[in-house]
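Single-structure report; data block below.
The values are calculated or read from the model by the stated rules, or taken from the named source; none is laboratory data. Everything numeric in this text was worked out from a predicted model, so none of it was measured. Backbone-built Cβ (ideal geometry, glycine too); neighbour counts: all protein chains shown.
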Amino acid sequence: MKKYVVYMLPLFMLVFSCKKEEVKPPVVDVPGVGTATDSLGKIQVNLSGMQNTNGKINIALYNSSASFNDPNAMYQSLVLNPVLGNMSFTLDSIPEGTYAFGVFHDENNNLQIDQNWLGIPTEGFAFSNNAMGTFGPPSFDQSKFVVVKQQTHVQTISLHFY
């Protein structure tokens with residue numbers, strides 16, 4: 001189980017190492033990078049499983065397998081206030097391509113994912129496609145999805161708790 005945390009920790013730490021934009025839920029449009037809006041797409045995330053409204057929800061978006069879970073190579077990040085039950089947010093102005101993301105609920109706002117004595121996360125987390133790794137985070141291939149220009153890609157995911 002400690003391997004799991006060793007692999008998960010970089011994803012969650014990277015959320016705090018990059019500039020973040022804080023917005024109010026439940027539906028948020030976050031501008032991305034790009035110039036011609038007709039060639040850009042959107043990612044809508046429907047997140048469920050929130051157990052409380054403490055702390056923040058942290059999202060890290062990646063655009064390649066080489067950068068996946070690398071705290072210095074995240075494509076885009078976002079920090080939101082949690083909403084009980086289900087919440088939705090939209091990342092807009094996303095260039096066409098392949099992406100994957102990770103989410104975690106930093107319930108106590110201590111800028112890290114807390115663990116029990118076995119190294120198992122005690123705060124909720126999720127990855128795109130609801131992907132789960134065996135003894136660590138899922139791979140980019142398990143989590144990836146394609147954003148197409150002028151379309152909205154919808155991801156419906158649920159936070160996992162142990």
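Scan the stretch 74-101 residue by residue and report those that are farther than 24 Å from Ser48 by Cβ and touching a helix residue (DSSP H, G or I) at 6+ places or on another chain (Cβ under 8 Å).
Correct list: Ser93, Pro95, Glu96.
Yes or no: Thr122 free of Cβ contacts under 8 Å to residues at least 40 places away in the same chain, within 15 Å of Leu159 (Cα to Cα) and either of a type in the set (Ser, Thr, Tyr) or in contact with a Gly (Cβ under 6 Å, 6 or more places away or on another chain) (or both)?
For Thr122, the condition - free of Cβ contacts under 8 Å to residues at least 40 places away in the same chain, within 15 Å of Leu159 (Cα to Cα) and either of a type in the set (Ser, Thr, Tyr) or in contact with a Gly (Cβ under 6 Å, 6 or more places away or on another chain) (or both) - is not met.
Only one residue in Val103, Val79, Val83 is of a type in the set (Val, Ile, Thr) and either at pLDDT 95 or above or within 19 Å of Val146 (Cα to Cα) (or both), so which one is that?
Among Val103, Val79, Val83, only Val103 is of a type in the set (Val, Ile, Thr) and either at pLDDT 95 or above or within 19 Å of Val146 (Cα to Cα) (or both).
Is it the case, given these coordinates, that Gln155 is within 16 Å of the chain's Cα centre (by Cα), assigned to a loop (DSSP other than H, G, I, E, B) and of a type in the set (S, T, N, Q)?
no
Take the residues in the stretch 89-100 that are among the hydroxyl-bearing types (Ser, Thr, Tyr) and modelled with pLDDT under 95, then tell me which one is nearest to Gln155 (Cα to Cα).
Step by step, filter the stretch 89-100, then rank; the result is Thr90.
Could you list, in sequence order, all residues of the stretch 61-115 that are in a loop (DSSP other than H, G, I, E, B), touching a Ser or Thr at 6+ places or on another chain (Cβ under 6 Å) and not aliphatic (A, V, I, L, M)?
Pro71, Pro82, Asp114
Using beta carbons and a limit of 8 Å, which pairs, at least six apart or on different chains, have the first residue in the stretch 129-156 and at positive phi and among the basic types (Lys, Arg) and the second one surrounded by fewer than 18 Cβ atoms within 10 Å (Cβ to Cβ) and in a helix (DSSP H, G or I)?
none
Pairs please, first residue from the stretch 55-72 and of a type in the set (Lys, Arg), second anywhere and in a loop (DSSP other than H, G, I, E, B), Cβ atoms under 8 Å, 6+ apart in sequence or on different chains.
Lys56/Asn81; Lys56/Pro82; Lys56/Asn109
Can you find a residue that is among the acidic types (Asp, Glu), touching an Asp or Glu at 6+ places or on another chain (Cβ under 9 Å) and at pLDDT below 95 anywhere in the stretch 37-45?
Among the residues of the stretch 37-45, not one is among the acidic types (Asp, Glu), touching an Asp or Glu at 6+ places or on another chain (Cβ under 9 Å) and at pLDDT below 95, which makes the answer no.
Only one of Gln112, Gln142, Gln150 is closer than 15 Å to Asn54 by Cβ, surrounded by fewer than 21 Cβ atoms within 10 Å (Cβ to Cβ) and in contact with a helix residue (DSSP H, G or I) (Cβ under 8 Å, 6 or more places away or on another chain). Can you tell me which?
Just one listed residue meets the conditions, Gln112.
Take the residues in the stretch 116-150 that are in a loop (DSSP other than H, G, I, E, B) and of a type in the set (A, V, I, L, M, F, W, C); name whichever of them is farthest from Ile57 (Cα to Cα).
Val148
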